[in-house]
1. Can you name the residue in the range 216-259 that is in contact with an Asp or Glu (Cβ under 6 Å, 6 or more places away or on another chain) and among the hydrophobic types (A, V, I, L, M, F, W, C) and is also nearest to Y151 (Cα to Cα) among such residues?
2. May I ask you to list the residues in the range 81-95 that are part of a loop (DSSP other than H, G, I, E, B) and modelled with pLDDT of 90 or more?
3. Give me a count of the residues in the range 311-342 that are within 21 Å of A270 (Cα to Cα), open to solvent by 40 Å² or more (accessible area, probe 1.4 Å) and not in a loop (DSSP other than H, G, I, E, B).
4. List the pairs whose first member sits in the range 126-141 and is of a type in the set (A, V, I, L, M, F, W, C), whose second member is assigned to a loop (DSSP other than H, G, I, E, B) and buried (at least 19 other Cβ atoms within 10 Å of the Cβ), and whose Cβ atoms are under 7 Å apart, counting only residues at least 6 apart or on separate chains?
5. Just a yes or no: is a residue in the range 65-72 modelled with pLDDT under 85, hydrophobic (A, V, I, L, M, F, W, C) and assigned to a strand (DSSP E or B)?
6. Return the total of residues in the range 148-159 being open to solvent by less than 20 Å² (accessible area, probe 1.4 Å) and either within 14 Å of E200 (Cβ to Cβ) or in a strand (DSSP E or B) (or both).
7. For the range 178-205, which residues satisfy the criterion of being in a strand (DSSP E or B) and under 14 Å from the mean Cα position of the chain (by Cα)?
8. Spot the failing condition for Q263; the list is (1) closer than 30 Å to R109 by Cα; (2) in contact with a Leu (Cβ under 8 Å, 6 or more places away or on another chain), and only one is missed.
Amino acid sequence: MTDKAWKVLGFAIACGSAVWMAAADVQAAGAVTAVTTGSPVAGMEVYMDKYQQSQKQKSEESPAGLTQDKIRYGTFNTIFKNIGVAKVEDSLNIRKEPKNDAEIVGKLRSHAGSSVLSEENGWYKIKSGQVTGYVYGEYLATGKEARAIAYYDMRLLLRVDTQTLRVRRQPNTDSEILGRIHEGETYRFLSSKDGWAKIEYRGQTAYAYAPDYATIAYTIPEAEKNDDIRNQVVNYAVKFVGNPYRWGGTNPNTGADCSGFVQYVMEHAAGVRLDRTSRQQAAEGEAIPASSMEPGDLLFYSSGSQIDHVAMYIGKGQIIHAANRRSGIKISSWDYRKPVTIRRVIP
């Protein structure tokens, strides 16, 4: 059967229709002609699994350029246990506890997948990628409905099975780092060469060197981890705007210098401990280009040969910093001076 035919079949099951198909039709290469309503034939899922197996073989036979000691091939059957799929138009909140006002720890985008761990008072406890939490059961398809949706929507994805992996603009280690991807995250897989996987990353083409135990699979995306930690850091930092600058100070409530301010905010809002001076802090974390800045990243400046100032990016081209005795803690444009380096210290 063609890919289109299989997706039509999956859609029919997702809509709750019972279908049947003769064995001879499963082997046919043409369009679907024998799918009608009626009693489901035994082994329908076996036919579907054979389809996934055929896709796996296509991947293995193609000139992927990734060796077997670098990757595994799989399907969503090997990734999810007791699969659950979000049946919403936009996204489904994953909460820390099974109640509507609990903290949001992640999101399942429309038709993203998860493993269902248990059920409690109309809520499902799920695990998806790096996220474990609760979703309201009304919006999560399970069982055969979930499998049918997954078959209909599955795409060839690179799934990261290591703690963190750098994503670069070009397939070499000297290329600009665009960001990092983390264990359990999935990205559209396009091609590969010499160990570099070409993927879709934040709306653009990018490259990641395939780590041990990366998986290329016909599967569906997993949960997105909540990035509220960066928002929390920014919201915490801006509370100190207008407070005094004090040389050697480490508490922005009473007065702090630039590095003392950043050190205090990072420790209290993000649990990240930094060294005391701006020169020491400039060696921490990971260097990133200005094009990849996110709220909470640190910018370091110099007025001579040595770094002597640090600020925190808060988004929309702005930084917050303990500027000087005259201005105190204030918000400025990030490029009021050219930064020497930009560092990411929030994982």
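1. So the residue we want is I220.
2. Our first condition is that a residue be part of a loop (DSSP other than H, G, I, E, B); within the range 81-95, this holds for 81-82, 87-90.
Once the filter is applied, which keeps residues that are part of a loop (DSSP other than H, G, I, E, B) and modelled with pLDDT of 90 or more, the range 81-95 yields N82, K87, V88.
3. Number of matching residues: 3.
4. V131/A223
5. Here is the first cut: in the range 65-72, the ones modelled with pLDDT under 85 are 65-72.
If we keep only those that are hydrophobic (A, V, I, L, M, F, W, C) too, we end up with 66, 71.
With the extra rule that they be assigned to a strand (DSSP E or B), the set shrinks to 71.
Taking every residue of the range 65-72 in turn, at least one turns out to be modelled with pLDDT under 85, hydrophobic (A, V, I, L, M, F, W, C) and assigned to a strand (DSSP E or B).
6. Going residue by residue through the range 148-159, those that are open to solvent by less than 20 Å² (accessible area, probe 1.4 Å) are 148-151, 154, 157-158.
Those left that are additionally either within 14 Å of E200 (Cβ to Cβ) or in a strand (DSSP E or B) (or both): 157-158.
Matching residues across the range 148-159 total 2.
7. Of all residues in the range 178-205, those in a strand (DSSP E or B) come to 178-182, 186-193, 196-201, 204-205.
Within the range 178-205, L178, G179, R180, I181, H182, T186, Y187, R188, I199, E200, Y201 qualify.
8. (1)
The values are calculated or read from the model by the stated rules, or taken from the named source; none is laboratory data. If you're wondering where the values come from, they're calculated on a predicted model, not measured in any experiment. Please note: Cβ atoms are built from the backbone with ideal geometry, for glycine as well, and neighbour counts cover all protein chains shown. Each accessible area value is taken on the protein alone, full model and side chains, heavy atoms only, with ligands, DNA and RNA left out. Shrake-Rupley method; radii C 1.70, N 1.55, O 1.52, S 1.80 Å.
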